[in-house]
Amino acid sequence: MTDKDQKLFSDFAPVTTEEWEAKINADLKGKDYGRALVWKTYEGFNVRPYYRRENLESLNYLDTLPGEFPFVRGNKKTGNDWLIRQNIFVSDFETANKKALEILGKGVTSIGFYFSNCENISKESLGVLLKDICLEAAEINLVCPDDSGNCAEIFAQYVSEGKWANENIVASASLDPIGTFILKGKLPKDAISKLKPVVERTKVVPQFRIIGVHGKFFANSGSSIVQELAFSLAQGAEYLTQLTELGLNIDEVAKTIKFNFGIGNNYFMEIAKLRAARLLWAQIVKAYKPECNCSAKMIVHSETSRYNKTLYDPHVNMLRTQTEAMSAALGGAHSITVLPFNAIYEEPTNLSERVARNQQILLKEESYLDKVSDPSAGSYYIETLTNSLVEQVWKLFLTVQEKGGFIAAFRQGFIQKEIKEMAAKRDL
């Protein structure tokens with residue numbers, strides 16, 4: 001017998017689930033099993049104290065590989081690298097450019113430019129903002145307070161007239177009229193239809209995701225993970241439906257959408273959240289019959305949550321954001337923003353921004369979380385959480401669809417009521 005064929009534990013009989021349960025009940029000494037060891041989550045399902053191989057037997061996606069439909073195991077075939085994003089608020093284009101160049105030399109690979117207004121954005125001012133930045137080496141994310149699409153079109157024009165290979169440029173514009181509707185309560189009739197010409201004019205940059213779905217709005221309002229995912233997917237489906245009805249094909253539309261999720265402190269559940277989100281979005285896009293499965297890839301930007309941060313001991317926020325960033329990385333986020341520890345009460349300082357950047361660098365350079373594709377694959381616990389989230393999210397998603405879709409459900413007050421009730425439960 002070779003060493004390879006030798007069974008090291010043949011002297012030990014396998015332990016059945018019944019035997020485990022008997023041992024646990026004996027150790028509990030009469031205490032109620034459900035109250036002592038079963039976690040009743042806010043997500044609508046209970047979590048057991050342990051899981052075994054038999055709990056995964058009904059899951060039909062376990063044999064898929066990373067980079068394959070339905071992308072539960074991630075969009076990449078190899079590795080788990082993500083982009084380190086830092087946001088810059090643009091009041092002066094030259095100053096913002098100087099800061100961008102500085103942080104790009106300190107480990108940042110994705111920049112979010114936040115504009116106070118879009119009226120002064122032109123091809124010339126964008127040239128000042130992006131001067132000396134290699135657009136093929138850093139992701140550019142443009143965030144404007146309005147959803148006109150002018151900024152996105154100017155960026156696409158600027159890129160097309162430049163020296164870069166358009167297919168290598170990764171960017172986003174965060175146009176989200178439904179998100180504006182959530183925050184302001186108004187949605188002009190033509191708000192979504194105005195996105196159609198923007199999609200058509202910006203497709204010269206193939207990896208330019210101009211539409212943003214902002215699930216972080218729900219997370220920062222106190223929603224559960226199930227609510228954040230279900231309502232975000234319903235928003236995404238609204239964009240797919242309305243834009244395809246206007247004549248765009250599903251492959252064009254799906255490849256222009258980027259999801260922005262908040263990441264909370266529920267460590268393993270947040271890992272499972274991103275895996276479940278990719279699987280469900282892939283199934284939704286598939287229902288529209290795209291030509292290529294690649295159109296069903298969900299691109300996710302994760303941002304550490306504001307909901308659970310403290311004003312009174314702000315340095316503790318670093319511990320919270322670190323575990324949140326780990327969840328996002330292990331869950332397979334495309335890019336991650338770690339908010340500085342003082343971001344909820346003052347303008348971040350050089351110190352707090354540097355710490356936020358370095359938190360992600362440590363996860364890559366010292367913990368090697370970027371090296372292994374879908375590192376949580378095969379975990380009985382995380383795989384079960386993923387499946388449980390899929391089931392609960394899908395139920396709530398269908399409820400929203402039965403009410404006429406996200407916009408109709410929001411106008412009826414259903415979305416607000418659900419989140420308000422959940423936030424009250426979480427604050428007890």
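Summary of computed values
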read-out	value
Inter-residue pairs, beta-carbon under 9 Å, first at positive phi and in segment 207-232, second part of a helix (DSSP H, G or I), 6+ apart	GLY222/ILE419; GLY222/LYS420; GLY222/MET422; GLY222/ALA423; GLY222/ALA424; GLY222/LYS425; GLY222/ARG426
Unmet requirement for ALA377, which otherwise passes all of (1) surrounded by fewer than 19 Cβ atoms within 10 Å (Cβ to Cβ); (2) among the aliphatic types (A, V, I, L, M); (3) modelled with pLDDT of 95 or more	(3)
From the options ILE382, ILE407, residue that is surrounded by 14 or more Cβ atoms within 10 Å (Cβ to Cβ) and under 23 Å from LEU187 (Cα atoms)	ILE407
Count of residues meeting criterion [under 19 Å from ASN87 (Cα atoms) and among the hydrophobic types (A, V, I, L, M, F, W, C)] in segment 295-313	2
Leading residue by the ranking (surrounded by the fewest Cβ atoms within 10 Å (Cβ to Cβ)) among those in segment 293-336 that are of a type in the set (D, E, K, R) and under 25 Å from SER373 (Cα atoms)	ARG320
Unique match (being within 25 Å of TYR42 (Cβ to Cβ), without any contact (Cβ under 8 Å) to a residue 60 or more places away in the chain and over 18 Å from the mean Cα position of the chain (by Cα)) among LEU311, LEU396, LEU351	LEU311
Near pairs, Cβ below 9 angstrom, 6+ apart or cross-chain, from segment 281-302 (at pLDDT 95 or above) to any residue that is exposed (fewer than 15 other Cβ atoms within 10 Å of the Cβ) and not polar (S, T, N, Q)	none
Qualifying residue in segment 168-181 (condition: within 17 Å of SER335 (Cα to Cα), in contact with a Gly (Cβ under 7 Å, 6 or more places away or on another chain) and at pLDDT 95 or above)	yes
Any hit, segment 246-258, residues being in a helix (DSSP H, G or I), modelled with pLDDT under 95 and touching a helix residue (DSSP H, G or I) at 6+ places or on another chain (Cβ under 9 Å)	no
Some residue of segment 337-349 being among the acidic types (Asp, Glu) and assigned to a helix (DSSP H, G or I)	no
Condition broken by ASP374, with the remaining ones in (1) among the charged types (D, E, K, R); (2) assigned to a helix (DSSP H, G or I); (3) closer than 30 Å to LEU56 by Cα satisfied	(2)
Total residues in segment 206-228, condition polar (S, T, N, Q) and assigned to a helix (DSSP H, G or I)	1
Single condition PHE406 does not satisfy, out of (1) closer than 23 Å to GLN235 by Cβ; (2) of a type in the set (Phe, Trp, Tyr); (3) in contact with a Pro (Cβ under 8 Å, 6 or more places away or on another chain)	(3)
Total residues in segment 307-336, condition under 14 Å from LYS273 (Cα atoms) and assigned to a helix (DSSP H, G or I)	8
Residue count for segment 40-50, restricted to those that are farther than 16 Å from ALA272 by Cα and out of contact with any Phe, Trp or Tyr (no Cβ under 9 Å at 6 or more places or on another chain)	1
Search result, residues across segment 203-221 that are polar (S, T, N, Q), out of contact with any Lys or Arg (no Cβ under 6 Å at 6 or more places or on another chain) and either surrounded by 24 or more Cβ atoms within 10 Å (Cβ to Cβ) or at pLDDT below 95 (or both)	SER221
Residue ranges of strands (runs of 3 or more DSSP E) in segment 89-195 with at least 3 members in contact with a Leu (Cβ under 8 Å, 6 or more places away or on another chain) and buried (at least 17 other Cβ atoms within 10 Å of the Cβ)	110-115, 170-175
Any hit, segment 222-231, residues being modelled with pLDDT of 95 or more and surrounded by fewer than 20 Cβ atoms within 10 Å (Cβ to Cβ)	no
Residue in segment 155-178 that is within 25 Å of GLU347 (Cβ to Cβ), among the hydrophobic types (A, V, I, L, M, F, W, C) and touching a Pro at 6+ places or on another chain (Cβ under 9 Å) present	no
Residues of segment 399-419 satisfying the condition of being touching a residue at least 40 places away in the same chain (Cβ under 8 Å) and either among the hydrophobic types (A, V, I, L, M, F, W, C) or under 16 Å from ALA219 (Cβ atoms) (or both)	VAL400, PHE406, ILE407, ALA409, PHE410, ILE415, GLU418, ILE419
Residue in segment 101-108 that is closer than 28 Å to ILE192 by Cα and either within 21 Å of the chain's Cα centre (by Cα) or at pLDDT below 95 (or both) present	no
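The values are calculated or read from the model by the stated rules, or taken from the named source; none is laboratory data. Remember, predicted model here, so these are calculated numbers, not experimental data. Heads up, the Cβs are rebuilt from the backbone with ideal geometry, glycines too, and the neighbour counts pull from every protein chain shown.
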